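J.: If you scroll down you'll find the structure; I have some questions about it.
The values are calculated or read from the model by the stated rules, or taken from the named source; none is laboratory data. Here the structure is a predicted model, which is why all the values come from computation and not from measurement. Note: ideal-geometry Cβ built from the backbone for every residue, glycine included; neighbour counts use all protein chains shown.
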Amino acid sequence: MKTQSHSRSLLVVSAREAFVEVISEVFPASENHKVTSSSETFAAMNGRAVNLVFNHDVVIIEADPDDETEVNAIKELMSDRESDTVFLAITHSDVSISKARKLRDIGMDEVLPISIDSESLKAVVDEQLSRRQVPAQSVHDGPAALGKIIPVTQAHGGAGATTVAVNLACALASDRSTFFRKAESNRVVLLDFDLQFGNANVLVDLEDNGGFLQLIGSAEEPDDHLLISTLQRHAQGFDVLCAPTPIVPLHSLRAEIVETMIALLKRRYDYIVIDLPRAVVEWVEPILKQATQLVLVADTSVPSIRQARRLIDLYREENVGLPVEIVINRDQKPLIKSEHMREAEKVLETRLLHWLPYNPKVARSAVNLGRPVVEMKPRSDLGKALARVSAEISAKEQVKRKNSR
């Protein structure tokens, strides 16, 4: 972890001198940290708390979620919060999830166990402070964003939807010769909405920064600043919202949060690629209603084709005219389609245009190295096929935009 060059001011609120000493050791003056402390509770501080805490960069509180008086005092303090001060609550290691969420709901940016090690605590502070700085790439004066939403799903588990989503985002961001901006790359964001089994971050070598959990746990809908602060920039020029590392219930994400996220991101990005879960949940509805096309990854087996048909019918209940691009994974495009393939096209009511060849060596290497295939092996048969899928999807969006003018 790199030490920050600028000075940081930290306030530690705890009645225990030993606790203050430990925090002071984690953030020494030699690394440009200034640590002060208060043994008073927020309830005892009363009105003085506002002047005390909000002129610090970070406030670390040894908190007891069962102390209703103190919790209410902190809640009242947070109602006057106008600065970018980071608030961290450190609790006993065995505190329940519901009690930890209680502290998050009153305004704590993070709730951490007292067993946390020094490097992890430093990392949390660095991460939270960096979130206060809106990434420069998110502000632009160029042409208005296209705001095209492309959800990606799969007909069965392991079909390869995440691989397609990641490479689609990477290829779209790398395309610098679009119909509308000849010398400017697309603005692309990849959202991993597979809350329980999402691993898009593994394919792009990023660690979950806790941003999605913060969005889920927030009592209010996200604003532009909070949402952008949860995104991470990939070296290939697209932004990523990682799925939470801990498994969370699918219903913990609310439809109104998703709707707000989509509305905010459409103003900033040309393409919003969303890796969907394989479950039918209420909050997918606002995604489907605004989707410009759906990418559905399958194979040519009878069960896969049947499930693909069911998903198309289900998703079109929310968006009747939703265009669907079927991507056949791990199979070469045939020179002459078999009777079985022609029958599959009848069932799906669309031609099978997109084929990704079976190349386990390249696919496995890309996963192990955390690099998209289109970036790591662009000249491989799989890399070329993924790039073609991206180019065709992008071209269709450009044609639709041109015709709508």
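J.: Among Phe238, Phe193, Phe197, which is surrounded by fewer than 15 Cβ atoms within 10 Å (Cβ to Cβ), hydrophobic (A, V, I, L, M, F, W, C), touching a residue at least 24 places away in the same chain (Cβ under 8 Å) and assigned by TED's automatic domain parsing to the domain that holds Gly147?
T.: Residue meeting the stated conditions: Phe197.
J.: Those residues that are surrounded by 16 or more Cβ atoms within 10 Å (Cβ to Cβ), part of a helix (DSSP H, G or I) and of a type in the set (Val, Ile, Thr), I need them from segment 325-348; list them, please.
T.: none
J.: What are the pairs, 6+ residues apart or on separate chains, where a residue within segment 55-84 that is over 15 Å from Lys102 (Cα atoms) has its Cβ under 6 Å from a residue that is basic (Lys, Arg) and part of a loop (DSSP other than H, G, I, E, B)?
T.: Pairs that qualify, where the first residue is over 15 Å from Lys102 (Cα atoms) and the partner is basic (Lys, Arg) and part of a loop (DSSP other than H, G, I, E, B), are Asp84/Arg132.
J.: Among (1) surrounded by fewer than 16 Cβ atoms within 10 Å (Cβ to Cβ); (2) more than 20 Å from Ala123 (Cβ to Cβ); (3) not aromatic (Phe, Trp, Tyr), which single condition is Ser30 missing?
T.: It fails just one condition, (2).
J.: Restricting the first residue to segment 318-332 and requiring it to be in the same structural domain as Gly383 (by TED's automatic domain parsing), which pairs with a second residue that is surrounded by 17 or more Cβ atoms within 10 Å (Cβ to Cβ) and among the aromatic types (Phe, Trp, Tyr) meet a Cβ separation below 9 Å and a spacing of at least six or different chains?
T.: Leu322/Tyr315; Val324/Tyr315; Val327/Trp355; Ile328/Trp355; Asn329/Trp355; Asp331/Trp355; Gln332/Trp355
J.: Mind checking whether some residue in segment 18-28 is in the same structural domain as Asp117 (by TED's automatic domain parsing), touching a residue at least 40 places away in the same chain (Cβ under 8 Å) and more than 31 Å from the chain's Cα centre (by Cα)?
T.: Yes, the conditions are met somewhere in segment 18-28.
J.: Consider Glu345 carefully, then state whether it is among the charged types (D, E, K, R) and out of contact with any Lys or Arg (no Cβ under 7 Å at 6 or more places or on another chain).
T.: The answer is no for Glu345.
J.: One residue is enough: does segment 270-287 have a residue meeting the conditions modelled with pLDDT of 95 or more, within 16 Å of Ala385 (Cβ to Cβ) and crowded, with 18+ Cβ neighbours inside 10 Å?
T.: No; the residues of segment 270-287 include none that is modelled with pLDDT of 95 or more, within 16 Å of Ala385 (Cβ to Cβ) and crowded, with 18+ Cβ neighbours inside 10 Å.
J.: Pull up segment 290-310, narrow it to residues that are under 24 Å from the mean Cα position of the chain (by Cα) and of a type outside the set (Val, Ile, Thr), then point me to the one that is surrounded by the most Cβ atoms within 10 Å (Cβ to Cβ).
T.: Here the answer is Leu296.
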